[in-house]
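What follows draws every value from the coordinates through simple rules; no lab data is involved. Please read all numbers here as calculations on a predicted model, not as lab measurements. Note: ideal-geometry Cβ built from the backbone for every residue, glycine included; neighbour counts use all protein chains shown.
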Ligand code: FSO
Ligand code: SF4
C-alpha cells in the first residue's frame with residue numbers, strides 16, 4: 001500500500017505497511033479501486049451530461065458518497081468497499097444503457113487508457129468489462145494495481161502529487177456536499193464540477209501541471225459554493241446558531257454519545273429518543289450543534305462529552321452508553337466499547353453494526369436506543385465523583401458575529417482590538433500540534449481568536465476573557481470545519497467596512513490541517529486569493545518542494561513554525 005492523503009502519514013512521507021490511522025493494506029487497495037472505478041463512473045456521468053443532457057441523481061449521490069467513504073478515518077470495513085465497487089459498476093452499466101438509448105456513442109479516444117493507469121485500462125472501460133469479481137480477495141488484487149505508485153512512476157512525484165491534491169480536494173467537497181444533500185440541499189453545478197474533474201483526471205490533459213492546478217482552484221471555488229450551501233442547509237433547517245453555554249458535566253441517566261459532523265442524524269436521533277429517558281451528548285465536531293435553535297430546543301440534548309477525535313478510544317471507553325458515529329473521525333474500536341458503537345452513513349468498522357437509511361432517507365436508530373437502555377448510563381455516583389467543569393460557549397456563526405460587528409469595528413478603530421486570529425482546522429495526536437496550544441498563550445490580550453473545526457479542543461475550555469471595553473468574548477467558536485464559510489463571510493464584511501481586501505485586514509489565518517476536508521478548505525482560500533496563510537503542523541506529503549514553491553510564490557503560503565510559536569506570533573502581529 002501507499003497512502004499519503006492525510007497529515008499524520010508515516011514519517012511525513014507515506015503509509016506503506018499499515019496506515020497510522022489503522023487502515024490495512026487490504027482496505028487501502030479497496031479504497032484505491034473504488035476511487036479508480038468512481039473516476040470511470042464520474043467520466044461517464046460527465047459525458048452523459050455534456051453530450052446528451054442526461055442527469056442521473058442516483059449516480060450523482062452515489063459518487064459523492066463513495067468518494068466520502070475513502071476520506072481519512074471514515075470507513076475501515078472491507079465488505080462495505082466491495083459493496084461500493086459493485087454498486088459503482090452497476091450504476092455505470094445502467095448509465096451507459098441510458099446513453100445508448102439516447103443514441104449517443106462516446107468517441108473511442110475518451111476511453112483510451114492513460115499511461116498513469118499502468119496496466120489497467122481506462123476506468124470507463126474497466127467498469128463495463130465483464131471481470132469476475134467474486135469477493136474481497138479478487139478486488140484487493142485488482143486494487144493493488146490502482147494505487148499511487150503507477151502514477152508516481154509515469155508522472156513523477158510532483159505531478160502525481162498535484163493530481164492527488166485535486167482528488168483530495170474533491171473528497172473534502174464531496175463530503176460537505178453529501179451532508180447538505182442529507183438536508184435536501186443540492187446544486188447541479190457541484191455534481192457537474194466533481195464529475196468534470198474526475199473525467200479530467202482520466203484524460204491526457206491531466207499530464208499538464210498548469211491544467212491540474214487550474215482544476216484544483218476550480219475545486220476550491222466549488223467548495224466555497226458547497227460550504228455556503230451546507231451553511232444554508234444548517235441555518236434554514238435549524239436556525240442561525242446563537243451564543244450558547246454547553247455543559248461538560250454528565251447528568252445521571254441513560255446516555256447516547258453522537259460523534260462526527262452530521263446534524264441531520266443528530267436531529268433524527270433527538271426526535272427518536274424524545275421522552276425515552278435518554279440523555280444525548282455530543283462528541284468531537286458535533287459540539288457546535290448546541291448553538292442551533294432547532295437542536296438546542298431538545299431538553300435531552302444535555303451536554304458535550306470528551307475532546308478531539310484522536311482521544312476517542314479513551315472517551316468512548318469511559319462513556320457508559322451507546323455511541324453513534326455519523327461521520328469521521330472514527331478509529332478502530334477497543335473491545336471495551338465495541339458492543340456499544342454503531343456506524344451510520346459512509347462510516348464503517350469491521351464487525352460493528354451499521355445503520356442504513358430507508359428509501360426516503362429515514363434512519364431507524366432503534367438499535368442504538370436499545371443498547372443505550374441496556375447500558376448503565378451515568379449513575380449518581382459517577383456524576384458525584386466527576387470533577388465539575390465550567391461550561392463552554394458555542395454558537396458564534398457569521399450571523400452572531402456580524403451582529404456585534406459595530407463593536408468589533410469600533411474596537412479596531414480605537415486600537416482596543418489590534419489583531420484577529422483565525423485558528424481553524426483539525427486536531428491530532430502528534431507532539432508538533434502543541435504549537436497550537438502554545439500559540440494561544442502568546443496572543444496579546446487586545447486580540448481575538450476565532451476557532452473552527454476540531455482544532456478548538458486545544459483551548460475550548462479556557463477562559464480568554466472579554467475584548468477590552470466590550471461584552472464580546474475574545475474567543476469565538478464559529479463551528480465545524482465547514483463553517484470556514486462563516487469565517488469568510490465575516491472577513492469579507494470587515495474588508496468592505498474598511499474598504500480594503502481580506503489580505504490587508506489585521507487578520508491572520510493559522511490553519512491546522514489533518515484530512516481532506518481541510519484540503520478542500522485550503523483550495524477555497526487559495527481560489528479566493530487569500531495570502532499569507534500559515535499551514536501546519538506539517539506540509540502535505542503529496543506536495544513536493546517544487547509544488548510547495550509554486551504555492552509559496554503565488555500565495556505566500558507559510559509553513560507553521562512549529563518549533564517556535566512565539567516567533568510565528570511576532571510575525572503575525574507585525
Ligand atoms: Fe476534525 Fe476529523 Fe472536521 Fe476533520 S473530526 S479532523 S478536518 O475529520 O473534519 O475537524
Ligand atoms: Fe496513512 Fe493517513 Fe492514509 Fe491512514 S489516511 S493510511 S494515516 S496517510
Segment 70-147 shape via C-alpha gyration tensor axes, a/c threshold 1.5: prolate
Pairwise label distance in nanometres, residue 528 with residue 364, each label 7 Å out on the Cα-Cβ vector: 4.4
Spin-label zone in segment 417-438 - amide nitrogen under 20 Å from a point set 7 Å from the Cα of residue 493 along the C-beta vector: 417-424
Extended-chain gain in nm, criterion 0.36 nm per residue less alpha-carbon gap, residue 2 and residue 563: 199.1 nm
Förster radius 30 Å - calculated FRET efficiency between residue 314 and residue 251 (Cβ-Cβ, nearest 0.05): 0.90
Length-normalised contact order of the chain in % [C-alpha pairs under 8 Å, at least 6 apart]: 17
Sites residue 373 and residue 141 - FRET efficiency at Förster radius 60 Å, r taken between beta-carbons, to 0.05: 0.85
Dmax and Rg, reported as Rg then Dmax, of segment 326-383 (C-alpha, Å): 13.3, 44
Per-residue [θ]222 nm for the chain (sum of -39500 (n - 2.57) over DSSP H runs n ≥ 4, rounded to 500): -14500 deg cm²/dmol
Mean Cβ count within 10 Å, highest first, over the residues of peptides 154-167, 485-498: 154-167, 485-498
Theoretical gain in end-to-end length, residue 97 to residue 10 [0.36 nm per residue, Cα-Cα removed]: 27.0 nm
Distance (nanometres) between label positions extended 7 Å along Cα→Cβ at residue 574 and residue 83: 5.6
Residues of segment 42-85 with amide N under 20 Å of a point placed 7 Å along Cα→Cβ from residue 105: 44-45, 47-54
Convex hull of the chain built on C-alpha atoms - directionally averaged projected area, nm²: 25.1
Calculated FRET value between residue 463 and residue 187, using beta carbons and R₀ = 51 Å, to 0.05: 0.80
Residue-span extension gain [residue 357 to residue 380] - 0.36 nm each, minus C-alpha spacing: 4.7 nm
Label-point separation, residue 90 to residue 552 (7 Å along Cα→Cβ), nm: 5.0
